[in-house]
């Protein structure tokens, strides 16, 4: 799903780092939105709602809605569509307002 080379714009980007998503290494491009890296890896469930426990993913892609919120580096409610990838990030699925209760 990731455009690695754009023939008209001349943009060429390949994954140059990894993020840890629920303990799994996901290839990513430094600076791209976390949501883009996850979508490129086939991840579509970012969080589950408080009341109905339904899955949510990217909706607006510009940081206005709440559907892409995840736990990033231990901090809940981070909008992943506007948060850039940095080397060594840990990203977790969010359940309700934080982590899944065990």
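The values are calculated or read from the model by the stated rules, or taken from the named source; none is laboratory data. Everything quoted here is computed from the prediction, not taken from an experiment. Here Cβ is always computed from backbone atoms with ideal geometry, including for glycine, and neighbour counts include all displayed protein chains.
Quick notes
- Filtered residue count, segment 84-99, keeping only those that are surrounded by 14 or more Cβ atoms within 10 Å (Cβ to Cβ) and farther than 15 Å from residue 18 by Cα: 4
- A count restricted to segment 37-84 and to residues that are within 8 Å of the chain's Cα centre (by Cα), more than 19 Å from residue 96 (Cα to Cα) and touching a residue at least 40 places away in the same chain (Cβ under 8 Å) stands at 2.
- Given (1) under 14 Å from residue 93 (Cβ atoms); (2) in contact with a helix residue (DSSP H, G or I) (Cβ under 7 Å, 6 or more places away or on another chain), number of the condition residue 28 does not satisfy: (1)
- Failed condition for residue 22, given (1) surrounded by 15 or more Cβ atoms within 10 Å (Cβ to Cβ); (2) closer than 18 Å to residue 99 by Cα; (3) at pLDDT 95 or above: (1)
- Any chance residue 15 is farther than 23 Å from residue 96 by Cα, in a strand (DSSP E or B) and either touching a strand residue (DSSP E or B) at 6+ places or on another chain (Cβ under 7 Å) or in contact (Cβ under 8 Å) with a residue 60 or more places away in the chain (or both): no
- Flag if residue 31 is free of Cβ contacts under 8 Å to residues at least 24 places away in the same chain, assigned to a loop (DSSP other than H, G, I, E, B) and at positive phi: no
- Scanning segment 74-83 for residues that are surrounded by 13 or more Cβ atoms within 10 Å (Cβ to Cβ) and more than 10 Å from residue 35 (Cβ to Cβ) gives 76, 77, 78.
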